[in-house]
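Just so it is clear, none of the values below were taken in a lab; they were calculated from the coordinates. As the structure is a computational prediction, the values presented were derived from the model and not from experiment. We place every Cβ from the backbone using ideal geometry, glycine too, and count neighbours over all the protein chains shown.
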Amino acid sequence: MKILVSCKRVPNPEQKLKFSGAAVDLSAASWQVNPFDEYAVETALRLTEKGKGGERAGEVVLISIGPKEVAQQMRGLLAMGADRGLLVGGDDAALDPDQVARVLRAVVAAEKPDLVVLGKQSVDGDSNQVGQLLAGYLGWPQATFLASIVLAADGKSATVTREVDAGVEEKKIPLPAVVTVDLRIIGKKAVRNAALAGPEAEWEDNQRYASLKGIMAAKKKEIREVTAASLGVTASPVVKTIHQEPPPPRKAGVKVASVEELVAKLRTEAKVL
Amino acid sequence: MGAVAVLLETAGGTVRSTSLPALTAARQLAQHHGGQVVALVLGGGAAAADAARYADRVWSYDSPALATPLAETWAPVLAGAVKKLGASALVASATSTGKDVLPRAAALLEAGMATDITAVRGPKTFRRPTFAGNALTDIEVLTPLVVASVRQTEFPPATAAAAPGPVEAQDAGPVDALGAELVGLHATKSVRPELTEAQVVVSGGRGMKSGENFKVLEQLTDLLGGALGASRAAADAGMVPNDLQVGQTGKVVAPKLYIAVAISGAIQHLAGMKGSKVIVAINKDAEAPIFQVADYGLVGNWETVIPALTAEIKKVKGG
């Protein structure tokens with residue numbers, strides 16, 4: 001089982017966003033891995049494990065697009081347990097989802113994974129497109145917004161549950177396929193490869209931390225730097241950012257002292273009761 | 001300039017109310033493009049007639065193979081329809097189905113896509129929230145064809161026209177699911193209005209401590225005829241089903257009145273409710289970030305405040 005996982009860096013979402021002119025200013029941002037991509041790595045690792053702390057079978061390959069500095073974030077994911085990385089040089093701030101999907105398509109053609117796992121969206125661009133675009137370009141089945149995944153023992157299909165507006169949808173897809181993961185995928189029993197782990201297998205809640213051993217091992221793992229051109233990708237952007245601004249601030253609210261005052265204000269001032 | 005195609009989701013022979021905002025956005029876009037609004041109904045059967053009340057034309061692909069929304073089958077039909085129509089845009093509401101299917105259709109059409117638009121600013125320019133709603137970004141789609149998913153809370157639902165447009169049956173041709181199949185839907189049963197459409201939303205957070213305690217919020221919710229919501233922390237802790245989650249990664253709501261109870265106000269939660277007209281925060285921690293976006297804040301324990309609030313509202317409404 002070879003699994004390709006895409007990852008990107010995002011500015012720390014807890015930091016206040018700065019603006020310069022009509023654009024977001026990320027010059028002083030502190031970078032981290034997109035949280036959903038960490039979940040994707042955790043998902044891929046569990047799919048190659050016999051259970052928590054058990055033996056592994058299979059390979060998890062990371063792919064990221066960005067400047068050389070992104071190797072730092074990739075190194076953290078290698079320390080979690082991913083096997084090797086591919087860093088495609090580029091200006092990650094200027095990429096649109098379509099360009100990312102086209103690069104991934106080329107990487108899939110070269111690496112021939114059984115499964116591609118992505119975060120459902122990045123928390124900066126919030127586009128929620130790349131997995132679906134990639135599946136469309138490849139003509140592969142897709143399963144988005146996964147809450148759980150079980151790989152069949154024969155390795156030929158996966159049964160997943162997906163977070164949908166009305167509840168939870170169960171879907172079965174043959175491999176190779178593209179999946180994107182949502183928050184619930186990092187639950188104790190959300191991910192399992194039936195060829196390796198029985199129904200009783202469980203992991204810790206949440207994505208794993210890198211162990212000291214993992215950090216040491218990651219230093220020796222390969223991050224191969226390539227260019228989009230060397231992959232045969234020359235995609236020009238299909239969307240362009242023309243203006244960015246902060247949302248209008250909400251007018252300052254008031255603290256009320258009692259339930260009676262609250263209800264009175266909601267009736268007479270806000271007129272919503 | 002061509003038509004604007006709009007994917008309408010259907011249920012029980014009618015257009016889903018969640019698709020009505022997409023029709024409004026499609027109409028706005030059609031004014032820029034100078035073409036008709038053409039509703040695309042897939043596997044909808046009788047709902048095509050309902051769709052005709054909102055669109056200039058309806059193309060109905062009434063194949064049983066399209067009855068359930070699979071991205072593998074729906075995306076090629078959408079792409080085929082857009083090509084056959086010579087349409088210049090394809091839109092749908094940013095429901096879980098829209099978010100799943102539209103980008104795949106965009107790939108098949110080699111079209112640029114704008115996700116979760118909050119405004120149509122030109123034939124190919126849109127405003128959309130990024131960075132969890134902390135930046136409003138205007139983007140221009142550079143391809144001849146435009147694909148956009150529509151944030152439901154930012155466009156009013158379309159109203160029916162006096163004269164319905166014609167319904168034209170279309171043949172989807174062979175439908176290939178690529179081996180994918182929908183096994184089942186485990187729907188959350190609720191007698192309350194849809195979270196994304198409710199005029200009032202009452203949400204509980206981690207501080208509610210247990211699912212049992214949400215009963216007190218349900219009483220307040222039902223008194224106000226609203227929908228029940230929750231923060232990610234409450235959903236993660238299993239107090240309520242996941243589909244009640246409001247936030248950047250849950251549902252985006254913009255009711256007239258949003259009451260946040262025992263919710264601290266993490267950025268990712270605020271992204272899902274900042275657009276509410278009036279926000280009330282009830283939290284025992286006076287320093288909780290939720291108070292920074294609240295129009296009215298009340299510092300106190302939900303255990304005492306919520307029953308008192310419910311009683312007070314009953315009293316004034318009865319009086």
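Go through A:125, A:119, A:198 for me and flag whichever is touching a helix residue (DSSP H, G or I) at 6+ places or on another chain (Cβ under 9 Å), of a type outside the set (Asp, Glu) and either under 19 Å from residue A:56 (Cβ atoms) or more than 8 Å from chain B (Cβ to nearest Cβ) (or both).
Only one candidate qualifies: A:119.
Considering only region B:73-93, I want to know if a residue exists there that is under 23 Å from residue A:170 (Cβ atoms), surrounded by fewer than 24 Cβ atoms within 10 Å (Cβ to Cβ) and under 20 Å from the mean Cα position of the chain (by Cα).
no
Of all residues in region B:143-186, which are part of a loop (DSSP other than H, G, I, E, B), in contact with a strand residue (DSSP E or B) (Cβ under 6 Å, 6 or more places away or on another chain), within 14 Å of chain A (Cβ to nearest Cβ) and over 18 Å from residue B:97 (Cα atoms)?
If the condition is that a residue be part of a loop (DSSP other than H, G, I, E, B), in contact with a strand residue (DSSP E or B) (Cβ under 6 Å, 6 or more places away or on another chain), within 14 Å of chain A (Cβ to nearest Cβ) and over 18 Å from residue B:97 (Cα atoms), then B:143, B:179 are the ones that fit.
Considering each residue of region A:191-233, count those that are in a loop (DSSP other than H, G, I, E, B), small (Gly, Ala, Ser), exposed (fewer than 14 other Cβ atoms within 10 Å of the Cβ) and more than 24 Å from the chain's Cα centre (by Cα), and give that number.
2
Is there any pair linking a residue in region A:10-33 that is facing another protein chain (nearest Cβ under 8 Å) and free of Cβ contacts under 8 Å to residues at least 40 places away in the same chain to one that is surrounded by 11 or more Cβ atoms within 10 Å (Cβ to Cβ) and of a type in the set (Val, Ile, Thr), with Cβ under 9 Å and at least six apart or on different chains, and which?
Correct list of pairs: A:14/B:267.
Being in contact (Cβ under 8 Å) with a residue 60 or more places away in the chain, closer than 23 Å to residue A:201 by Cα and surrounded by fewer than 21 Cβ atoms within 10 Å (Cβ to Cβ) narrows it down to one residue among A:54, A:81; which is it?
A:54
I need the full set of residues from region A:139-176 which are out of contact with any strand residue (DSSP E or B) (no Cβ under 6 Å at 6 or more places or on another chain) and facing chain B (nearest Cβ under 9 Å), in order please.
A:139, A:164, A:165
Within region A:107-146, which residues are surrounded by fewer than 21 Cβ atoms within 10 Å (Cβ to Cβ), within 30 Å of residue B:137 (Cα to Cα) and of a type in the set (A, V, I, L, M, F, W, C)?
A:138 - this is the single residue of region A:107-146 that is surrounded by fewer than 21 Cβ atoms within 10 Å (Cβ to Cβ), within 30 Å of residue B:137 (Cα to Cα) and of a type in the set (A, V, I, L, M, F, W, C).
Tally the residues that are buried (at least 24 other Cβ atoms within 10 Å of the Cβ), part of a helix (DSSP H, G or I), more than 17 Å from the chain's Cα centre (by Cα) and within 7 Å of chain A (Cβ to nearest Cβ), restricting the search to region B:94-130.
Of the residues in region B:94-130, 3 are buried (at least 24 other Cβ atoms within 10 Å of the Cβ), part of a helix (DSSP H, G or I), more than 17 Å from the chain's Cα centre (by Cα) and within 7 Å of chain A (Cβ to nearest Cβ).
Are any residues in region A:126-150 touching a residue at least 40 places away in the same chain (Cβ under 8 Å), of a type in the set (A, V, I, L, M) and within 14 Å of residue A:108 (Cα to Cα), and if so, which ones?
A:130, A:134, A:135, A:138
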